[in-house]
Amino acid sequence: MYFTEEHEVFRQSFKEFLHKEVVPYIEKLEKTGTIERFIWKKFGEMGYFGLNTPEEYNGLNLDLFYAVIFLEELQKINSGGFAAAMWAHAYLAMTHLTKEGSEEIKQKYLTASVEGELIGCLCITEPFGGSDVAGMRTTAVKKGDSYVLNGSKTFITNGVYSDYLIVAAKTDVEAKHNGMSIFLVDRDAKGVSATKLDKLGWKASDTGEIAFDNVEIPASNLMGEEGKGFPYIMQHFALERLIMGINAHARAEFAVDYAIDYMKERTAFGKSLDKFQALRHKIAEMASEVEMCKEFNYSITKRLNDGDYVVKEASMSKLLSTKMADQVIYDALQMLGGYGYMEEYPMARLLRDSRLGPIGGGTSEILKEIIAKMIIDKKDYKPAT
Ligand SMILES: Cc1cc2nc3c(=O)[nH]c(=O)nc-3n(C[C@H](O)[C@H](O)[C@H](O)COP(=O)(O)OP(=O)(O)OC[C@H]3O[C@@H](n4cnc5c(N)ncnc54)[C@H](O)[C@@H]3O)c2cc1C
């Protein structure tokens with residue numbers, strides 16, 4: 001219903017690319033937490049960062065089902081951290097560049113981002129709080145032809161090794177939702193510093209805490225209109241949350257497929273594991289849950305691609321798909337017995353990486369708040385104009 005022959009050709013070639021150009025390096029990336037530049041450049045050369053970017057910036061301007069394939073196949077090489085680094089660049093930083101960047105910014109940063117020459121990150125969360133976005137404390141004060149930024153951000157994907165930062169900051173500290181703006185900050189701007197954080201999973205990605213100490217940037221680095229930062233962020237959250245829902249169904253599907261293959265080979269009490277009814281029924285239940293989420297996520301992708309503002313549905317997608325993935329991966333690990341707990345097998349990393357799903361990009365509790373407001377209080381969220 002959603003994928004054409006062209007999509008399938010793309011899936012096959014992207015899969016082959018990943019197995020040839022990325023899989024041989026995954027173990028190293030997981031250990032170092034550093035993705036070397038030649039990998040980013042190869043993605044750029046192949047056009048993978050520009051699947052949904054307009055052609056005038058070297059993008060391919062394709063439909064969102066190419067993004068779905070990009071996300072799904074990245075999950076299936078089992079490094080949530082590597083996948084996160086790629087999609088945070090292509091769909092968090094680059095979405096803001098595409099939608100709010102001035103022509104000058106796009107010429108300088110978007111084309112180079114498509115080509116994998118410049119890497120970006122999106123900085124919203126702060127040490128004092130992530131869920132309460134409007135309560136952020138980082139400030140940007142106008143001074144002649146510049147803005148001066150002060151404050152800090154944390155848990156930022158690509159936060160240490162990226163070349164530019166898309167930063168949300170308060171331009172009016174009195175106004176809550178209407179006082180926030182978005183800026184582009186160069187990594188080498190004076191006063192920017194970053195520290196790498198150690199974490200449970202997503203080991204291949206550099207998650208950083210970033211400080212801005214009197215960072216002076218040109219006023220032309222303001223993205224979009226001053227004071228519109230909050231609606232811009234909320235608008236793009238729909239895509240980010242759907243992405244996280246898609247990632248969740250893809251990694252859960254990978255876990256089920258892996259468990260089924262394993263159960264065919266492993267024997268207990270004289271027969272293969274896939275002959276035990278209790279396990280067969282568990283697998284049937286897991287596969288059904290994956291399929292339900294997948295179909296929902298595809299249908300919401302179609303609506304987003306057609307221009308619908310799917311805030312509620314994208315929140316539902318992330319809420320349920322990430323919960324489903326955690327449970328399915330937990331159960332798939334069980335199918336492998338002791339081997340499931342070993343790093344030599346994929347389930348241990350998959351379980352760790354999956355746990356970020358209900359936290360990053362809006363926690364499950366916050367998503368429930370949004371959904372409740374929409375279905376109980378009939379609140380209507382509108383895209384930024
Ligand atoms: C590996 C990783 C990568 C990340 N990448 C990025 C990134 O690239 N860019 C970025 O900006 N951020 C990023 N984040 C941050 C992430 O989006 C935040 O961690 C998340 O939004 C939650 O914010 P917090 O951690 O400050 O939790 P808090 O806001 O302190 O919340 C703590 C707990 O309280 C709950 N809670 C808070 N408010 C309410 C409420 N009103 N009702 C009910 N429960 C509530 C939360 O659900 C949570 O369970 C990343 C985080 C991680 C761990």
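The values are calculated or read from the model by the stated rules, or taken from the named source; none is laboratory data. All figures in this text were calculated on a predicted structure; none of them were measured in a lab. Neighbour counts are summed over all protein chains in view; Cβ atoms, including those assigned to glycine, are modelled from backbone coordinates with ideal geometry. SASA here: full protein model, heavy atoms, side chains in, ligands and nucleic acids out. Shrake-Rupley method; radii C 1.70, N 1.55, O 1.52, S 1.80 Å.
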Checklist entry - Roughly speaking, what is the centre-to-centre gap between region 305-348 and region 108-146 when only Cα atoms are used, to the nearest Å? => result 29 Å
Checklist entry - Where the centroid of each part is defined by its Cα atoms, how far is region 76-102 from region 231-268 in Å? => result 17 Å
Checklist entry - Using θ = phi - 60° and the Karplus form 6.51 cos²θ - 1.76 cosθ + 1.60, what ³J(HN,Hα) does each residue of region 98-106 get, whole Hz, x for Gly and Pro? => result 5, 7, 10, x, 6, 4, 4, 5, 4
Checklist entry - Long-range amide H contacts for F128: which residues qualify at under 5 Å (H placed 1.01 Å from N, peptide plane, sequence gap of 5 or more or a different chain)? => result none
Checklist entry - In nm, what is the difference between 0.36 nm times the number of residues separating T385 and I359 and their Cα-Cα distance? => result 6.5 nm
Checklist outcome for this item: Listed residues V148, V68, V290; largest mean-square fluctuation, Gaussian network over the chain with Cα springs below 10 Å, found at V148
Next on the checklist: Multiplying the sequence separation of T4 and Q277 by 0.36 nm and subtracting their Cα-Cα distance, what value in nm do you get?
Outcome noted: 94.6 nm
Next on the checklist: Just to check I understand the Karplus step: with θ = phi - 60° and J = 6.51 cos²θ - 1.76 cosθ + 1.60, what whole-Hz values come out for region 154-170, glycine and proline as x?
Outcome noted: 9, 6, 8, 5, 6, x, 9, 9, 6, 8, 9, 10, 9, 10, 8, 8, 7
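What does the extension gain come out to for K378 and S193, with contour length at 0.36 nm per residue minus their alpha carbon separation? Intermediate values should be presented prior to the final figure.
Numbers: separation 185, 0.36 × 185 = 66.60 nm, distance 4.30 nm.
Residue separation times 0.36 nm, minus the Cα-Cα distance, leaves 62.3 nm.
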Checklist entry - Using a simple spin-label model with points 7 Å from Cα along the Cα→Cβ vector, what separation in nm is obtained for Q334 and E216? => result 6.2 nm
Item to check | Accessible area of region 208-274 divided out per residue, in Å², using a probe of 1.4 angstrom | outcome: 39 Å²
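Looking at the square roots a ≥ b ≥ c of the eigenvalues of the Cα gyration tensor of region 99-213, which shape do they give, rounded for a/c under 1.5, prolate if a/b is larger than b/c, or oblate? Intermediate results must be reported in sequence, preceding the final value.
Values: a/c = 1.72, a/b = 1.08, b/c = 1.59.
It comes out oblate by the Cα gyration axes.
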Item to check | Heavy-atom accessible surface of the chain: percent carbon and sulfur, 1.4 Å | outcome: 53 percent
Checklist entry - Summing -39500 (n - 2.57) over the DSSP H runs of n ≥ 4 in the chain and dividing by its residue number, what mean residue ellipticity at 222 nm do you reach, to the nearest 500 deg cm²/dmol? => result -15000 deg cm²/dmol
Item to check | Base-10 log of normalised Debye intensity for the chain (one unit scatterer per alpha-carbon) at q = 0.08 Å⁻¹ | outcome: -0.41
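Just the Kirkwood number for region 14-157, please: inverse of mean 1/r across all distinct Cα pairs, in Å, one decimal. Each step should come with its number before you reach the end.
On the way: mean 1/r = 0.0602 Å⁻¹.
Radius from the Kirkwood sum: 16.6 Å.
Mind ranking 82-94, 119-131, 39-51, 98-110 by how tightly packed they are, going by the mean number of other C-beta atoms within 10 angstrom, highest first?
Most protected by this proxy first, the peptides run 82-94, 119-131, 39-51, 98-110.
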Next on the checklist: Given a Förster distance of 45 Å, report the FRET efficiency between K28 and S152 from their Cβ-Cβ distance, rounded to the nearest 0.05.
Outcome noted: 0.90
Checklist entry - So in the chain, what percent of DSSP beta bridges are antiparallel if you round to the nearest 5? => result 85 percent
Next on the checklist: What figure, in Å² to the nearest 10, do you get for the accessible area of D306 with a 1.4 Å probe and non-protein molecules left out?
Outcome noted: 100 Å²
Item to check | Total formal charge among the other residues, if their Cβ is under 9 angstrom from that of M180, Lys/Arg +1 and Asp/Glu -1 | outcome: +2
